[in-house]
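Data first, discussion second: the structure below is written as structure tokens.
The values are calculated or read from the model by the stated rules, or taken from the named source; none is laboratory data. Every value quoted in this text rests on a predicted model; they were computed, and no experiment measured them. Here the Cβ is made from the backbone with ideal geometry for all residues, glycine too, and neighbour counts use every protein chain on show.
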Amino acid sequence: MSEKLTSKQLSRKITDEYMEDAFHAHDNGKLVGYTTAISPVEIFVAHDIVPIYPENHAVANLTAKKGVELCSAVESMGYTSHLCAYARSDLGYRKTGVTVTKGIPDPDLFLACNAQCFTLTKWFQVLARKGDLPVFVFDTPEHIMNKEARKEIVKYCVLQLKELIGFLEVQTKRKFDYDRLKEVMKYSAASSILYKKFLDMAQYKPSPISIFDELIGMAIAVYRRGTQECVDYYQTLCDEIQAKVDQGIGVLPKDQEKYRLYWENLPVWFKFSDHAKLLGSYGGVILTSLYVHAWSFDFDLNKDPLETLAENYVNRFSNSTIEDRADMAMELFNKYSMNSMIMFMNRSCKAVSFAVPTLKDILTKRTGIPALVFESDMGDQRFYAESQVRTRIEAYFETLDRLGLAQKTAVA
Amino acid sequence: MWESLNLKDVVTLARDPYPSIRQWTRDTGKKVVGSTIADVPQEVIHAYDLLPVTLLGTHKPLKKAASHLPDNACSLARSNLELALSYEGDLFSGFVLPQVCDTTQHLSDIWRISFPEKYVESYLAPRQADRPSAHYWVKEEIERLISSLGKWTGKTLSNDALAASIAIYNENRKILGELYEIKRNNPGTITNLEFFAMMKLSMQVDKAEFNKSLKAIKDGLKLEKSKSLTDIVLVGITCDPPEVFDIFDELKLNIVGDTLVDGTRYLRGAVSLDGNLVDALADRHFNLGFFSPIHDNVYKNFEEVKKLYYDMKASAIIYVHIEFCESQEYDLPDLKNAIKKEGIPMHVLDTEYQTVSLSHILTRAQAFFESLKGGAL
Ligand code: SF4
Ligand code: SF4
């Protein structure tokens, strides 16, 4: 039946069912595990633990411009204004109950994987202390460039995944089923391939998708990895985008697509659609970022599941060296024929942003393309200076025009 | 160079040890390897006949670091980067940089890219300490460091050399521990500034030499018992600039216990010389006390602080907050509440390298201790 649904309808259905399951987890004898968006959630899925991502809930509230209200509430509890806005808005939600969704169920346990950032570990620890709940820290040392060290890092991570399984067995009083994990891995591998295919459709000219489509399209990969419906969703999505490609439909018409942009960092959530419109008015489409690629895994089903999980989670862009991040971004530049870049210094996300100045130096040198750097916050409007951002964007496109960097196919 | 220093020399040198380190390297021909805090097993570096120097920031102006790390990066990281980029970089042949938090993870990358001609190795500390895998990992990292330094220096590390270095470090910790004991029981004998200058310099100069100074200083102390001092416990990661200790002295405070990484957490790091030395170095990592980026439960920190407070019969706790240190900032509100609930007076001191306002610190601390005396806390 689900074949008839559009990707949008399917996404809604999957999300509704997932939240329904989450809110009734205890009725169904399941535990709710809070986890980080980049974490080996396949283990949760295989063990029937409902994964909840407080980050997603934070995104919903920040996109709906609830940032200032929620962040202020938590600052009055003694937390400083420069912690990650996800964490602040989540702690604010715990205090005030304010949310634009139905909220999220309370946790029974936590899995904090620091391949994404260490902030989440600290944030989860704060939440765990309130209910005296257990936190499992999946510690992923930086994926440094030394090959021998990488092997050791993977070994360390495999050891920890075994400890995680032991931890979950104690919490649930149930034996872990490795065969089930293998099944879950199959779904994760399949959906990852499709998710990557979806992102890679930005290669086409004109691009049928922009980062704004990708940010919406990535949600299911984030919270439903390891399920059949996740595979179905990406199949539907790829088919839909392919149809656009076949008809030559782009975000901008082909003759107007002047600038194919790279975006570094998370988006400014509360400016999401404004930015799309603003850039579009200059003939700009943001095609991709390392951020959206964080969920395109490359699981090797011939390997031991724990090993391929460990390998994939430690080598995410956010856990890679700046040199490797630059290589990853360069690969995207070449593949998607990008000719411009916006480097966002996001005050909230130190884990991504502290690499940005160095990354910008490397990328501008390697591509010969100037970059637009701007500082703001992904969720806290108090750090966003509207007119300044507009002026910078305008000036940036003028520079690009002057340098003659517009795509040849576009009408100048 | 550092074997016959008196307390006054130590205080002066601790403010800026680098000219003397330069002279020492010229005299001895030895190379210098810098590490930021915390937890690098520096005994290993020392055993390769290198001088390990703990980098604790600079008070000279920020010039270059700001273009690499934004202003919401912890000031310690920025200050250390500045020290290397603008002031003392040429002194170091290499760096071993520990990664404990998001900031230090990026810092090592930026550092490596900034010094392509130097030896720069990361020491990947575990960010969990309660499970067997953490033990496995620490040992693995120590072994990796040994082999990395071996490749760089072209030398093979002998067990005897490592044992000798461990013994020198252990001795340093032992003497400092004894000096702390004297300071505790005989307030007024050593000032806070003097004691923490000895701690700091111990982490930056050659210990084989400096231990001789420390011994002589210890033996020459005239014990005094000043009754007018208020005993306090210092909590945090590190406490800087040294003028803060001047302020403590001015306010007639006596630090009788602490949890600082460059304080008691350093002193606790004695390594057993029996059995396998790498195992012993790894074991040490787990006996160091609470450190916010590594430990998962701030209540452990609270228990530790509480015990110190009662054992030392202190009058108050001073928590040193490093501006923009997220690890501390996620812990602090709960730690504060727990301490408050216990009825222990606590003062939070905000420090920021380069821009700290000492008069502000003094005024706030003064107000706190006046209320403490007046019984208003
Ligand atoms: S935005 Fe950055 S700091 Fe915040 S939770 Fe995500 S990765 Fe961590
Ligand atoms: S733990 Fe805190 S003080 Fe230390 S480097 Fe990280 S942010 Fe800075």
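Within the range A:353-376, being under 23 Å from residue A:122 (Cα atoms) and modelled with pLDDT of 95 or more holds for A:353, A:354, A:355, A:356.
Here is a yes/no grid of residues against (1) crowded, with 20+ Cβ neighbours inside 10 Å; (2) of a type in the set (D, E, K, R):
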site	(1), (2)
B:302	yes, no
B:318	yes, no
B:325	yes, no
B:328	yes, no
B:343	no, no
B:352	no, yes
B:355	no, no
B:360	no, no
B:371	no, no
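For the range A:25-84, a tally of residues being away from chain B (no Cβ under 14 Å), closer than 28 Å to residue A:292 by Cβ and either within 16 Å of ligand 2 (Cβ to nearest atom) or aliphatic (A, V, I, L, M) (or both) returns 16. When you check residue B:25 against the structure, is it touching a residue at least 40 places away in the same chain (Cβ under 8 Å), polar (S, T, N, Q) and out of contact with any Pro (no Cβ under 8 Å at 6 or more places or on another chain), yes or no? For residue B:25, the condition - touching a residue at least 40 places away in the same chain (Cβ under 8 Å), polar (S, T, N, Q) and out of contact with any Pro (no Cβ under 8 Å at 6 or more places or on another chain) - is met.
Of the numbered criteria (1) within 14 Å of chain A (Cβ to nearest Cβ); (2) at pLDDT below 95, the one residue B:287 fails is (1). For residue B:26, are the conditions met, namely being surrounded by fewer than 21 Cβ atoms within 10 Å (Cβ to Cβ) and closer than 26 Å to residue B:217 by Cα? Answer is no for this residue.
For every residue, the table says whether it meets (1) surrounded by 23 or more Cβ atoms within 10 Å (Cβ to Cβ); (2) aliphatic (A, V, I, L, M); (3) in a loop (DSSP other than H, G, I, E, B).
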| residue | (1), (2), (3) |
| --- | --- |
| A:59 | yes, yes, no |
| A:69 | no, no, no |
| A:79 | no, no, yes |
| A:98 | no, yes, yes |
| A:105 | no, no, yes |
| A:133 | no, yes, yes |
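Out of A:162, A:147, A:175, one residue alone is free of Cβ contacts under 8 Å to residues at least 60 places away in the same chain and within 14 Å of chain B (Cβ to nearest Cβ). It is A:147.
Might you check whether a residue that is away from every other protein chain (no Cβ under 14 Å), away from ligand 2 (no atom under 16 Å from the Cβ) and touching a Lys or Arg at 6+ places or on another chain (Cβ under 9 Å) occurs anywhere in the range B:347-365? Scanning the range B:347-365 turns up at least one residue that is away from every other protein chain (no Cβ under 14 Å), away from ligand 2 (no atom under 16 Å from the Cβ) and touching a Lys or Arg at 6+ places or on another chain (Cβ under 9 Å).
No other residue among B:50, B:69 is within 16 Å of ligand 1 (Cβ to nearest atom) and out of contact with any Pro (no Cβ under 7 Å at 6 or more places or on another chain) apart from B:69. None of B:69, B:76 is away from every other protein chain (no Cβ under 13 Å) and within 14 Å of ligand 2 (Cβ to nearest atom) except B:76. When restricted to residues that are assigned to a helix (DSSP H, G or I) and away from ligand 2 (no atom under 16 Å from the Cβ), the range A:315-365 contains 27. Scanning the range A:103-122 for residues that are within 16 Å of ligand 1 (Cβ to nearest atom), small (Gly, Ala, Ser) and free of Cβ contacts under 8 Å to residues at least 60 places away in the same chain turns up nothing.
Taking the stated definitions as given, is residue A:310 within 14 Å of chain B (Cβ to nearest Cβ), more than 16 Å from ligand 1 (Cβ to nearest atom), within 21 Å of residue A:365 (Cα to Cα) and not in a loop (DSSP other than H, G, I, E, B)? Taking the combined requirement at face value, the residue does not satisfy it. Within the range A:379-401, being out of contact with any strand residue (DSSP E or B) (no Cβ under 9 Å at 6 or more places or on another chain) and within 14 Å of chain B (Cβ to nearest Cβ) holds for A:380, A:382. Return the residues of the range A:352-368 that are within 12 Å of chain B (Cβ to nearest Cβ) and of a type in the set (Ser, Thr, Tyr); say none if nothing qualifies. Residues satisfying the conditions are A:353, A:358.
Of all residues in the range B:207-229, none satisfies the criterion of being within 23 Å of residue B:261 (Cα to Cα) and β-branched (Val, Ile, Thr). Scanning the range B:55-87 for residues that are crowded, with 21+ Cβ neighbours inside 10 Å and part of a helix (DSSP H, G or I) gives B:65, B:75, B:76, B:77, B:78, B:79, B:80, B:81, B:82, B:83, B:84. When the range A:131-144 is examined, which residues are found to be facing another protein chain (nearest Cβ under 9 Å) and more than 20 Å from residue A:323 (Cα to Cα)? Across the range A:131-144, the qualifying residues are A:135, A:136, A:137, A:138, A:139.
When only residues in the range B:29-41 that are more than 16 Å from ligand 2 (Cβ to nearest atom) and either within 22 Å of residue B:237 (Cβ to Cβ) or within 14 Å of chain A (Cβ to nearest Cβ) (or both) count, which is surrounded by the most Cβ atoms within 10 Å (Cβ to Cβ)? Applying the filter and picking the extreme gives B:41.
Per-residue answers, yes or no, for (1) under 22 Å from residue A:38 (Cα atoms); (2) in contact with an Asp or Glu (Cβ under 6 Å, 6 or more places away or on another chain); (3) within 16 Å of ligand 2 (Cβ to nearest atom):
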residue: A:91; (1), (2), (3): yes, no, no
residue: A:108; (1), (2), (3): yes, no, no
residue: A:117; (1), (2), (3): yes, yes, yes
residue: A:122; (1), (2), (3): yes, no, yes
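Residues checked against (1) of a type outside the set (Ser, Thr, Tyr); (2) within 14 Å of another protein chain (Cβ to nearest Cβ); (3) touching a residue at least 24 places away in the same chain (Cβ under 8 Å); (4) within 16 Å of ligand 1 (Cβ to nearest atom):
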{"site": "A:334", "(1), (2), (3), (4)": "yes, no, no, no"}
{"site": "A:337", "(1), (2), (3), (4)": "no, no, yes, no"}
{"site": "A:342", "(1), (2), (3), (4)": "yes, no, yes, no"}
{"site": "A:346", "(1), (2), (3), (4)": "yes, yes, yes, yes"}
{"site": "A:350", "(1), (2), (3), (4)": "yes, yes, yes, yes"}
{"site": "A:370", "(1), (2), (3), (4)": "yes, no, yes, no"}
{"site": "A:373", "(1), (2), (3), (4)": "yes, yes, yes, no"}
{"site": "A:377", "(1), (2), (3), (4)": "yes, yes, yes, yes"}
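Residues in the range B:225-257 that are assigned to a loop (DSSP other than H, G, I, E, B) and touching a Cys at 6+ places or on another chain (Cβ under 8 Å): B:237 alone.
Here are B:190, B:168: which of them is among the aliphatic types (A, V, I, L, M), part of a helix (DSSP H, G or I) and more than 9 Å from chain A (Cβ to nearest Cβ)? Being among the aliphatic types (A, V, I, L, M), part of a helix (DSSP H, G or I) and more than 9 Å from chain A (Cβ to nearest Cβ) holds for just one of B:190, B:168, which is B:168. Hey, does the range A:208-228 have a residue that's touching a Lys or Arg at 6+ places or on another chain (Cβ under 7 Å), modelled with pLDDT of 95 or more and within 30 Å of residue A:397 (Cβ to Cβ)? Yes: the range A:208-228 contains one or more residues that are touching a Lys or Arg at 6+ places or on another chain (Cβ under 7 Å), modelled with pLDDT of 95 or more and within 30 Å of residue A:397 (Cβ to Cβ). Selection of the range B:94-142 for residues being in a helix (DSSP H, G or I), touching a residue at least 60 places away in the same chain (Cβ under 8 Å) and more than 9 Å from chain A (Cβ to nearest Cβ) yields B:104, B:135, B:138, B:139, B:142. Name every residue in the range A:321-332 that is at the interface with another protein chain (Cβ under 9 Å from one of its Cβ atoms) and either among the aliphatic types (A, V, I, L, M) or closer than 30 Å to residue A:182 by Cβ (or both), in order of residue number. Selection gives A:322 alone.
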